[in-house]
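Chemist: Below: one structure in structure tokens.
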Amino acid sequence: MKKQLQLILTALLLATLSLPGVASAQQKKQDPADYVGRYGNKEITVRDEGLHFQRTGGRGAMLRATGKDSFALNEDAQITFSRDAKGAVVEMAIDWVNQEDQKYKREPLTGGSQPEKREPVRRPAPEQTSTDSSPENGEPLDLRTVQDLKVIMTHLLETIYVSPEIGTRLARQLQTKFEAGGYKEALTRAQLAELLTRDLREWGNDKHLSVKYDPARSTEETVLDPEEWAKQKTSMFRPLRQGAGAQRRSPEMDDRLAARLKEENYHFRQARTLGGNVGYIELAGFAPGEAALQKAAETMAALASSDAMIIDLRDCPGGTAEMINFLGSYFFEAEPRVLMNRYIRPTNERTQSKTLAEIPGKRMPETDLYILVGPTTVSAGESFAYSMQQWGRAKVIGEKTAGAGYNNVLVPLGQGLVFSVSYGRPEHPRSGKGWQGVGVQPDIAVPVGSALQAAHKTALQGLISKTRDEVRKKELTSALQEIEREPATADAEQQVRKLEREWLDASEQHNAVAMERILADDFAITFGNGQTQSKTQVLESLKAREKSASPPSKFATEEVQARTQGDTVILTGRLVQNSERDGEAMTMRFSYTDTYTQRDGRWHVVTSRLTRL
């Protein structure tokens, strides 16, 4: 009888250890009471015989045991507890495995219901180097910080925003919402930055208005005040010297920016020669600095013998006037040409951007130029396209651009917050207008995904009409016929867009079978922090989530653009993820670039790049 009772008790113990949030029988040393306590602003308690995680201000969520001292938090994070030499839990590490730009954080035990069982250890958190703006990594807010932010942000809008009338209105709207407690829902600086950006862009119809949280700057303890700003403003907006045509200085080139630009080849993604001797450059930004100018010169030298040129700005979010002036100089004669006039409100002056009298390499003033644009052509990308179009120097092909037509400055507010404020208004010397709010209208309107094919075809037709060399004409005609024989891109784009939705559905439904079919065997996804996952890792993660009781994330896409080259289709756009964390509804947005290729008659996604916005 005694032996039977022992067996029954053992079975009950094993059943208890298999409950959610509690370790399995093989890890029976994982007593839930071991983990109970406070870890920074997070607390672990026992609820319904399982472990419960809660962050200050959140509703909390249950943990699911995944291994020795390891637990899963919903679908988003892996939590691992560390023990000291005596076996007592002293630290909690959180790895946000489902969000590419979340950082690995360690939280020492700072208190608990049974402190006599523990020896709390306070260890410094690892150095934070990325610019993550997630609520988890933003520092908690206090009333003094909110008050100081209201003062400096309204001051900046009133005094340097490009339109005094709009700036004053925005300042009043912002002050009213601050004083009405409209931002009380923001628990961290990162959350506040997201809410401020949303409101300012909605009120001002200005895509340059934004607030971002940068942990690398979070050591700045105080918030900028109007008096300190007055000192900084002088160096940031230097008055013009008589006849000098000076402009606001280029961004400071710190080591981190310099390394990133070098890694990205100074935004020169592609430079090659298409059929018919048509040069092609894909440019993902107008980078600052001497090294970037050197790369531009090398690229132009490589394509100097081209009979026509195509510059692809469909995925260009902006950049510097310095690079615009330099690159634009190759397509005009040596006599400086005014590319853009600007009104600078902080100094109440007008400046001019001009081409350069001296540049390295060969100029191409008579070479036909075509510029590709679309909805993700923004700011400096729009400036280059608009200037060349208005001077009649290039044909713009694609779809209407974003309409971000002001010049902006990044003002560090303190405590990791950076405010992007529009201060200048560009106007073309010929039209007397800009593109703010309306975008650059293409000369040849085609779907953005078909713009390269359309530009190449137009370039060849132009060369055929001008050449008198019959041999050359036959070569060009042959190149044109080859383009016309290429399969229509519309069907490929439609199939890929459908497959993308199936991919998102598989993620939502934890459907590993569908995911196996959609992902190529050599699939790899790269996150904003540089981490990658293979197809095998994605499938393993998906299968692990099949057993999760938490609500699955929901995905949607915005502003999706397609680009087709043969049997390859590239989709770019924004991904919106709606999920729950700590029992709270969360919405996150990412920019993405997915590459699909057709193999054995079926489309598969080969690579994906995901970056938190």
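Values quoted throughout were computed directly from the atomic coordinates according to the rules given, and no laboratory measurement underlies them. This is a predicted model, so every value here is computed, not measured. Glycine gets a Cβ as well: all are built from the backbone with ideal geometry, and neighbour counts include every protein chain shown.
Chemist: Let me test this: with uniform point scatterers at the alpha carbons of the range 364-426, what is the Debye-based log₁₀ I(q)/I(0) at q = 0.23 1/Å?
Modeler: Taking Cα atoms of the range 364-426 as identical point scatterers yields -0.93.
Chemist: Given 37 °C and 0.692 mPa s, compute D for the range 143-236 with the Stokes-Einstein relation, Rh being the Kirkwood radius over Cα pairs; round to the nearest whole µm²/s.
Modeler: 236 µm²/s
Chemist: Answer with one residue from 176, 197, 161: the one whose Cα lies farthest towards the positive end of the charge dipole of the range 143-236, charges on Cβ with Lys, Arg +1 and Asp, Glu -1.
Modeler: My answer, from the dipole projection, is 197.
Chemist: Per Stokes-Einstein, at 25 °C and 0.890 mPa s, what whole-number D in µm² s⁻¹ belongs to the range 261-354, with the Kirkwood radius over Cα pairs as the hydrodynamic radius?
Modeler: Estimated diffusion coefficient is 170 µm²/s.
Chemist: When the Debye formula is applied to the Cα atoms of the range 395-554, each taken as the same point scatterer, what base-10 log of I(q)/I(0) results at q = 0.09 Å⁻¹?
Modeler: The computed values of log10 I(q)/I(0) come out as -0.66.
Chemist: I'd like the FRET efficiency for residue 438 and residue 144, computed as 1/(1 + (r/R0)^6) with the beta carbon distance as r and R0 of 30 Å, rounded to 0.05.
Modeler: For residue 438 and residue 144, the calculated efficiency is 0.15.
Chemist: Can you pull the percent of Cα pairs in the range 489-612 with separation above 24 Å?
Modeler: Working: 1885 of 7626 pairs.
Tail of P(r) above 24 Å: 25 percent of Cα pairs.
Chemist: With label points built 7 Å along Cα→Cβ from the Cα atoms of residue 467 and residue 485, find their separation and express it in nm.
Modeler: 1.7 nm
Chemist: Tell me, in nm to one decimal, what length is gained between residue 256 and residue 502 on full extension, where the rule is 0.36 nm per residue of separation less the Cα-Cα distance?
Modeler: 84.8 nm
Chemist: Using alpha-carbon pairs under 8 Å, 6+ residues apart, how would you state the relative contact order of the range 143-236 in percent? Write out the running numbers ahead of the final one.
Modeler: Working: 65 pairs, mean separation 26.5, N = 94.
For the range 143-236, the relative contact order is 28 percent.
Chemist: Pulled fully out, how much extra length does the chain show between residue 558 and residue 585, if you take 0.36 nm times their separation in residues and subtract their Cα-Cα distance?
Modeler: 7.7 nm
Chemist: Place the peptides 424-436, 470-482, 310-322 in order of packing, highest mean first, counting for every residue the other Cβ atoms within 10 Å and averaging per peptide.
Modeler: 310-322, 424-436, 470-482
Chemist: Could you list 534, 235, 306 so that the one with the fewest beta carbons within 10 Å of its beta carbon is first and the one with the most is last?
Modeler: 235, 534, 306
Chemist: Between residue 202 and residue 514, what FRET efficiency follows from the Cβ-Cβ distance if R0 is 56 Å, with the result rounded to 0.05?
Modeler: Values: r = 37 Å, r/R0 = 0.66.
That gives a FRET efficiency of 0.90.
Chemist: Just grab the label-to-label distance for residue 263 and residue 31, each label 7 Å out from Cα along the Cβ direction, in nm (one decimal).
Modeler: The two pseudo-label positions are separated by 4.6 nm.
Chemist: Report the dimensions of the range 145-188 along its three principal axes from the alpha-carbon atoms, largest first, rounded to Å.
Modeler: Sorted largest first, the three principal extents are 32, 16, 13 Å.
Chemist: Something else now. How far is it, in nm, from the label point at residue 599 to the one at residue 273 when both lie 7 Å from their Cα along the line to the Cβ?
Modeler: For the pair residue 599/residue 273, the computed spacing is 3.2 nm.
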